[in-house]
1. With a/c under 1.5 counting as rounded, go ahead and sort segment 311-411 into rounded, prolate or oblate using the C-alpha gyration tensor (a ≥ b ≥ c being the square roots of the eigenvalues; past the cut-off, prolate if a/b is larger than b/c, else oblate).
2. Going by average Cβ density within 10 Å per residue, which order do the peptides 152-164, 21-33 take, highest to lowest?
3. Could you list which residues have their amide H under 5 Å from that of Ser30, counting only those 5 or more apart in sequence or on another chain, with H placed in the peptide plane?
4. What is the gain in length, in nm to one decimal, between Phe347 and Asp402 on full extension, counting 0.36 nm per residue of separation less the C-alpha to C-alpha distance?
5. Along segment 368-374, what does the Karplus equation 6.51 cos²θ - 1.76 cosθ + 1.60 (θ = phi - 60°) give for ³J(HN,Hα), rounded to whole Hz, x for Gly and Pro?
6. Run the quick spin-label model on Lys43 and Val282: label points 7 Å from Cα toward the beta carbon, then report their separation in nm to one decimal.
7. Quick check: the distance between the Cα centres of segment 34-92 and segment 156-226, to the nearest angstrom?
8. Rounded, prolate or oblate: which one fits the chain, using the alpha carbon gyration tensor with axes a ≥ b ≥ c (rounded when a/c is under 1.5, else prolate when a/b beats b/c, else oblate)?
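The values are calculated or read from the model by the stated rules, or taken from the named source; none is laboratory data. Only a predicted model underlies this, so the values are computations on that prediction, with no experimental measurement involved. Backbone-built Cβ (ideal geometry, glycine too); neighbour counts: all protein chains shown. SASA here: full protein model, heavy atoms, side chains in, ligands and nucleic acids out. Shrake-Rupley method; radii C 1.70, N 1.55, O 1.52, S 1.80 Å.
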Amino acid sequence: MAFPDGFLWGGATAANQCEGAFDADGKGLSTADVMTAGAHGIKRRVTPELEPGTYYPSHTAIDHYHHYREDIALFAELGFTCYRFSVNWTRIFPEGDEEQPNEAGLAFYDGILDELERHGIEPLVTISHFETPLGLVEKYGSWENRAVVDCYLRYARTLFTRWRGRVHLWLTFNEINCMSTQPWVAAGIASEDEGVRMRAAYHQLLASALATQMAHEIDPANRVGAMYAGHFAYPASPDPADVIGTMRFMQRMLFYLDVMCHGSYPPYKLRELERQGIALPVEPGDAEALAAGTVDFVSYSYYNTHVTGAKTRGIIKGMNGLDTGYKNPHLNRSDWGWTIDPTGLRFSLNLLYERYRRPLMIVENGLGAVDTVEEDGSVHDPYRIAYMRDHLLELECAIEHDGVPVMGYTMWGPLDIVSASTGEMKKRYGVIYVDVDDGGCGTFARSRKDSFAWYQKVIATNGASLHEDA
Ligand code: BG6
């Protein structure tokens, strides 16, 4: 059996994409709460303040805030052994810089943990998933300012102490390398300036290292992971210029993990910063903090792969469907233009394990697709089943043939949630259908798609059923 005993099977969500209740029980505004809805090819706008009459998807999302018991019961029915969710920072510290946490916010997540415990599902908590408090952006200029490191550490300490013994798996920042591709979403940074981004990234890396040490001190059983937006690239051709262009692209993405796993900035990044005339805001003791705060495991999202080369330069914008200047003629694409590349998952697992020698975990994977609800309420989604099956078979191959240690797999959006890149609902990943449309209207009812029973069986057989229809 390739999937080891105790392999974690489950799903992953982000607070701002599912909870709604954006101002309930003392919650403050986050960077996500001022993002309007977009569409494929239409960018989401960030409004300086809330515009009356404008629809903001995070405000209601799928109202998980009031449906979490029902949602977790469905996860239990699926057989989940792990649920990855994020804490909405502004439920705990509404402005980000308060001295004392908001008890009502903590109580909400106590309720989630109660339900997970009742069903024997292990929580994996993302401390910051695209939800920087707007208060920190407005008062401090967000992560470019070192004061935000202290705010984050106060927030992290609050969670580590409150849930000591209840949560053992933590991720410090979702997709930390998104600072290089979508800094507003990742960190409340609106600037195009590379120096601003790199100083903000430095502060996040420092905060992550300090939080990792803190988690270990508070509970030695805590395991803290890095979370990387799975950008992986193939060279456009054997032309050495394309190979070097690809190496440079991967270095721009992977330096974050290099710091988190090796405990210092890699030489190639230090030289690049020097050439760019960017000085990192290093203070005494920082080098020791980075070295002492390396992560226990490496997690990442995997949706697709890119092609890069000599033309791929500078700042690359966007989420997973990055425009690198090349297209891969060998791969199909989703309706949102993301390549579909199961083999690339095996490639990426090998690449990261060779480089970091840490246990790995796939904490996001799935197909964003348009679903049709039949008259009887059913949703037939063979495309989603095929996508997940093909990826899980490659994951199995990496474990069995290549000996890569993989802790678990949490599919993205086990129930349909708001898309991070477009703000749409119609880009659905779930095995559970949620009746909400792109304008936030619907009954909010949950129902099982065909993929629900399929995934349930995969989990029940610890992956063995993947071979039945392969
Ligand atoms: C990852 C993010 O980049 O991709 C998630 O961590 C996001 O928050 C997911 O939802 C899928 O992207 P999208 O844009 O299809 O929702």
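1. Oblate is the answer for segment 311-411, as a/c is 1.5 or above yet b/c matches or exceeds a/b.
2. 21-33, 152-164
3. Counting only residues 5 or more places away or on other chains, the set is Leu134.
4. Result for the pair: 18.8 nm of gain on full extension.
5. x, 9, 7, 9, 10, 8, 6
6. About 3.4 nm, to one decimal.
7. The two parts, judged by their Cα centres, are 20 Å apart.
8. rounded
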